[in-house]
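Below is the structure I would like to discuss, written out as structure tokens.
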Amino acid sequence: MMRANWIGWALLLMLVSCAKPETAETPAASPTPAIAFPSLPPSASPSPSPTATPKLQTFREKNGRFEISFPRGYTHKTTPSGVAFVSADQGFAGAVDFSASEGKPLDRQQLEAALKTEFTTRLKEITWQTTQVQPDGSLRLDWTGKDQSGNALDAVSIVEQRGNYIFVLNLFGVNKPYQNYNSDAETIVNSYRVQPPATTGSSPSPTPNPSQPLANPQTSPSSSSQ
């Protein structure tokens, strides 16, 4: 069992707040646009109420920009740019982060470059494995690495732009293989909705292909966009 305090919330908040508004001195076309750095796995947040044990816990961003659900036993915490969550045993975690794109449409190459730049800067080490375009147009990146505390991360990140916002979903095995949590990953990814409809009867926005993020990243098909 890992210690619940393996990473502090102070570090988490620092990471998710790295995106900064563009100034007049910034070139209009940057090869690596600034986006919010995806959250690293959080320390344990308060446990769910013992009087309510729903099969799933659903989080909906206060302005309705996304919603996501977690299996029973997970804890989650709202962050300045989304939500971070962690399993009861601290072995699987992740986050949804979003940030404004400052009115600039970004292609897949720019999104990939921005994400890789931030991860490379913030992590102690990282190995990129595969990059795949998903059926809904989002981009999936498989990777492994270590955070600054030396915790091993076996991970999948899914990045996409919807209108004026960039969204990133991250799922991490923390010192444990990602594949140990395939069932949890399936539940989480199947529930993920970006800009879900506010009223019933509307068609939901496309979501990442549920089957894609579930396989162990180290054994994923080796197709790449690069």
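Readers should treat all values here as calculations from the given coordinates under stated rules, not as data from a laboratory. This is a predicted model, so every value here is computed, not measured. For neighbour counting, all protein chains shown are included, and Cβ atoms are generated from backbone atoms with ideal geometry for every residue, glycine included.
With the crude spin-label approximation of a point 7 Å out along Cα→Cβ, what separation in nm comes out for Asp89 versus Arg72?
The two pseudo-label positions are separated by 1.7 nm.
Among Phe172, Phe98, what is the fewest-to-most ranking by other Cβ atoms within 10 Å?
Phe98, Phe172
For the residues Ser138, Ser149, Ser191, what sequence is obtained by ranking on other C-beta atoms within 10 Å, fewest first?
Final ranking by Cβ density, sparse to dense: Ser149, Ser191, Ser138.
Asn180 to Lys104: FRET efficiency via 1/(1 + (r/R0)^6), r the Cβ-Cβ distance, R0 41 Å, to the nearest 0.05?
0.60
I want to check the label-to-label distance for Asn190 and Asp136. Put each point 7 Å from Cα in the C-beta direction and report it in nm to one decimal.
1.5 nm
Mind sorting Trp143, Trp128 by how few other Cβ atoms lie within 10 Å of their own Cβ, fewest first? Present the calculation step by step, with values, prior to reporting the outcome.
Numbers: Trp143 22, Trp128 16.
Starting with the residue having the fewest Cβ neighbours, the order is Trp128, Trp143.
Here is a further query. Less than 11 Å Cβ to Cβ from Asn180, Lys/Arg counted +1 and Asp/Glu -1: what total charge do the surrounding residues give?
Net local charge, Asn180 excluded: -2.
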